[in-house]
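Asker: I'd like to ask you about the structure that follows.
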Amino acid sequence: MKRLIFILLFLGLNQCFAQIKFEDYFENKTLRMDYIHAGNSDTSYIFFEKFKEEKFWGGSTTNLIDKFNYGHYRLSVYDAKTNTLIFSKGYCSLFQEWQTIDEAKKIDKSFYEVALMPFPKNEITVTIEERDKKNVFHKMFEMNINPTNYFIQKEQKYNFNVVQVLNNGNHNTKVDIVFIPDGYTKDEMEKFKKDVDKFSKALFKYEPFKKYKKNFNIWAVEAPSQESGTDIPGEKVWKNTIVNSNFYTFDSERYLTTSDMETLHDLSSLAPCDQIYILVNTAKYGGGGIYNFYNLTCSDHYASELVFVHELGHGFGALADEYWTSETSYNDYYDLTVEPYQPNITTLVDFSSKWKSDLAKSTPVPTPSTKEYESTIGVFEGGGYLEKGIYRPKQHCYMKELEADAFCLVCQKAIESMIKFFSE
Ligand SMILES: [Zn+2]
């Protein structure tokens, strides 16, 4: 009997890890699903908008099932006939951050969102799951689509020139970063290209990006705006720009985001894309990065380059902020009785799922924030917008402050394994 159980377990495990062959289920282009995400602090709903066919699939054709389990949401694609999971991806959204601010207790609000999956050969079932307060996923949306459906839109809205700034080969085995300009006029396109060059060079000064430069492609979409700059609502400054970015998101002056996901994806789909990076043409300090959603940085502040890598830590690495001193509008962002999914913070509820194995035996838990432990990987209290109850791996890291001299080892490892996932 024991032997039988062993064989069954083995078979079961084997099935779990059986690799999905891309060409059995997909064509090398993208199926895009647009939807409205709406609700308030307690509820959230998804309302389907449209499907669209896009010409490139930027992601891996080998790693189709998400192994990280990061993100507040999970997109899953099943082969409708056999119910086999053939694609999944975790992500976060601006809506979920909005749910944690006071306004969400008073009104309902809707946000436009976009989900991308490789283009299926046969009928699929698309699901979106959301985590509850205990971090357990629950299905909130399900829909079937047949790729022969003639309502899948095929028109391309924009036809801007796309420049490949860094070419390391096949986009299915590289991390493709697509730069989108916001607030650069036609006359400022040369400045945009110079800025892309500046940030691309900056990226590869920092580990682990430096070590893995060969695993990246960089693209720039030359999409001009009518006006220069961006919206600064708190200063009553409004500019007509192509992806409608703005400061003062959730009343945080430096928080730079956009809600115009439709235009953003109409632009980013012009190149193979794993990460969208919006360069906002301004010298005002600010940025934003949401996991597998988008990244933004100001172009001309003296700290822009560091903002750029910090935000990519969020957008690409699913890393949490390791600070707690700066003001944010979020309420109860983390539940201290639950282990957060982000790899670089812990509530110590399930520390062994985090960087426990990177700790030297002699390092005390929690680790005192003293000079003695300044270069040690430890468990330092403070992080994730909270002074107490959340712990971070190192006293100083780019996810905590831009004055740090590097990403901590835990953040580096998390980014590194993401780079590898996209490079196979
Ligand atoms: Zn870190």
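Asker: Please pick out the residue among Thr297, Thr346, Thr258 that is closer than 28 Å to Ser41 by Cα, touching a Pro at 6+ places or on another chain (Cβ under 8 Å), among the β-branched types (Val, Ile, Thr) and crowded, with 24+ Cβ neighbours inside 10 Å. Steps first, please.
Answerer: Values: Thr297 fails: touching a Pro at 6+ places or on another chain (Cβ under 8 Å); Thr258 fails: touching a Pro at 6+ places or on another chain (Cβ under 8 Å).
None of the other options fit; the residue is Thr346.
Asker: Would a scan of segment 40-49 turn up a residue that is among the hydroxyl-bearing types (Ser, Thr, Tyr) and over 30 Å from Asp108 (Cβ atoms)? If you could, list the steps in order and put the result at the bottom.
Answerer: Here is the first cut: in segment 40-49, the residues among the hydroxyl-bearing types (Ser, Thr, Tyr) are 41, 43-45.
Add one more test, that the residue is over 30 Å from Asp108 (Cβ atoms), and what stays is none.
The answer is no; no qualifying residue exists.
Asker: So Ala318 clears everything in (1) more than 16 Å from the chain's Cα centre (by Cα); (2) more than 21 Å from Asp251 (Cα to Cα); (3) in contact (Cβ under 8 Å) with a residue 60 or more places away in the chain except one condition, right? Which one?
Answerer: (1)
Asker: When you check Asn122 against the structure, is it part of a strand (DSSP E or B) and either touching a Pro at 6+ places or on another chain (Cβ under 9 Å) or of a type in the set (Val, Ile, Thr) (or both), yes or no?
Answerer: Numbers: part of a strand (DSSP E or B): no; either touching a Pro at 6+ places or on another chain (Cβ under 9 Å) or of a type in the set (Val, Ile, Thr) (or both): yes.
In short, no.
Asker: Output the residue which, of all residues in segment 304-340 that are among the aromatic types (Phe, Trp, Tyr) and at pLDDT 95 or above, is nearest to His396 (Cα to Cα).
Answerer: So the first thing to find is which residues in segment 304-340 are among the aromatic types (Phe, Trp, Tyr), and the list is 308, 316, 323-324, 330, 333-334.
Checking which are at pLDDT 95 or above leaves us with 308, 316.
On the way: Phe308: 18, Phe316: 20 Å.
Filtering first and then ranking leaves Phe308.
Asker: Could I ask something else about it? Would you point out the residue of segment 106-156, among those that are modelled with pLDDT under 95 and farther than 20 Å from Tyr70 by Cβ, that is surrounded by the fewest Cβ atoms within 10 Å (Cβ to Cβ)?
Answerer: Selected residue: Glu155.
Asker: In segment 140-163, what residues are under 30 Å from Leu312 (Cβ atoms) and either assigned to a loop (DSSP other than H, G, I, E, B) or under 22 Å from the mean Cα position of the chain (by Cα) (or both)? Step through it out loud before you land on a result.
Answerer: First, pick out the residues of segment 140-163 that are under 30 Å from Leu312 (Cβ atoms): 140-141, 156-163.
The answer is Met140, Phe141, Gln156, Lys157, Tyr158, Asn159, Phe160, Asn161.
Asker: Follow-up. Tally up the residues in segment 205-248 that are closer than 30 Å to Tyr385 by Cβ, free of Cβ contacts under 8 Å to residues at least 60 places away in the same chain and not charged (D, E, K, R), please.
Answerer: The number of residues fulfilling the criteria is 11.
Asker: Determine whether Leu336 is touching a residue at least 40 places away in the same chain (Cβ under 8 Å), more than 10 Å from the ligand (Cβ to nearest atom), out of contact with any Gly (no Cβ under 7 Å at 6 or more places or on another chain) and outside the structural domain of Tyr291 (by TED's automatic domain parsing). Reasoning before the result, please.
Answerer: Working: touching a residue at least 40 places away in the same chain (Cβ under 8 Å): yes; more than 10 Å from the ligand (Cβ to nearest atom): yes; out of contact with any Gly (no Cβ under 7 Å at 6 or more places or on another chain): no; outside the structural domain of Tyr291 (by TED's automatic domain parsing): yes.
Judged against the criteria, Leu336 is not a match.
Asker: Which residues, taken from segment 218-250, are in a strand (DSSP E or B), of a type in the set (A, V, I, L, M) and either within 25 Å of the chain's Cα centre (by Cα) or surrounded by 24 or more Cβ atoms within 10 Å (Cβ to Cβ) (or both)? It would help to see each step written out before you state the result.
Answerer: Let us first name the residues in segment 218-250 that are in a strand (DSSP E or B), namely 218-221, 231-232, 237, 246, 249.
Filter again for of a type in the set (A, V, I, L, M), leaving 218, 220-221, 232, 237.
Residues satisfying the conditions are Ile218, Ala220, Val221, Ile232.
Asker: Please go through (1) farther than 29 Å from Phe51 by Cβ; (2) more than 16 Å from the ligand (Cβ to nearest atom) for Leu319 and return the number of the only condition it doesn't satisfy.
Answerer: Among (1) farther than 29 Å from Phe51 by Cβ; (2) more than 16 Å from the ligand (Cβ to nearest atom), the lone unmet condition for Leu319 is (2).
Asker: Still on this model: Could you please find all residues in segment 331-363 being in a loop (DSSP other than H, G, I, E, B) and touching a helix residue (DSSP H, G or I) at 6+ places or on another chain (Cβ under 7 Å)? Talk me through it step by step, then tell me what you get.
Answerer: Taking segment 331-363 and keeping what is in a loop (DSSP other than H, G, I, E, B), we get 331-345, 347-350, 354-355, 359-363.
Listed by number, the residues that qualify are Glu339, Pro343, Asn344, Trp355.
Asker: Shifting gears a bit: Write out, first by first residue and then by second, each pair whose Cβ atoms fall under 8 Å of each other, whose residues are 6+ apart or on separate chains, and whose first residue, in segment 388-404, is free of Cβ contacts under 8 Å to residues at least 12 places away in the same chain while the second is of a type outside the set (Ser, Thr, Tyr) and away from the ligand (no atom under 11 Å from the Cβ).
Answerer: Lys388/Glu381; Lys388/Gly382
Asker: Now a separate question. Under 6 Å between Cβ atoms, which residue pairs at least 6 apart in sequence (or on different chains) link something in segment 116-138 that is outside the structural domain of Cys273 (by TED's automatic domain parsing) and of a type in the set (Lys, Arg) with a partner that is assigned to a strand (DSSP E or B) and modelled with pLDDT of 95 or more?
Answerer: That search, which allows pairs on different chains as well, returns Arg131/Phe137.
Asker: Among the residues in segment 66-82, are any of a type in the set (Val, Ile, Thr) and within 17 Å of Phe141 (Cβ to Cβ)?
Answerer: The first filter runs over segment 66-82 and keeps only residues of a type in the set (Val, Ile, Thr), leaving 77, 82.
Imposing the further condition that a residue be within 17 Å of Phe141 (Cβ to Cβ) reduces the set to 77.
The answer is yes, given that some residue of segment 66-82 is of a type in the set (Val, Ile, Thr) and within 17 Å of Phe141 (Cβ to Cβ).
Asker: Counting just the residues of segment 364-423 that are away from the ligand (no atom under 15 Å from the Cβ) and part of a strand (DSSP E or B), which one comes out surrounded by the most Cβ atoms within 10 Å (Cβ to Cβ)?
Answerer: Step by step, filter segment 364-423, then rank; the result is Leu386.
Asker: Collect the residues in segment 167-193 that are outside any helix (DSSP H, G or I) and polar (S, T, N, Q), keeping them in residue-number order.
Answerer: Hits for segment 167-193 are Asn167, Asn168, Asn170, Thr185.
Asker: Continuing with this model, one more query. Could you please tell me which pairs satisfy a Cβ distance under 6 Å, a separation of 6+ or placement on different chains, a first residue in segment 141-168 that is over 22 Å from Gly58 (Cα atoms), and a second residue that is among the polar types (S, T, N, Q) and outside any loop (DSSP other than H, G, I, E, B)?
Answerer: The qualifying pairs are Glu142/Thr127; Asn144/Thr125.
The values are calculated or read from the model by the stated rules, or taken from the named source; none is laboratory data. Small disclaimer: the values here were computed from a predicted structure and weren't measured. Note that each Cβ is placed from the backbone with ideal geometry, even for glycine, and that neighbours are counted across all protein chains shown.
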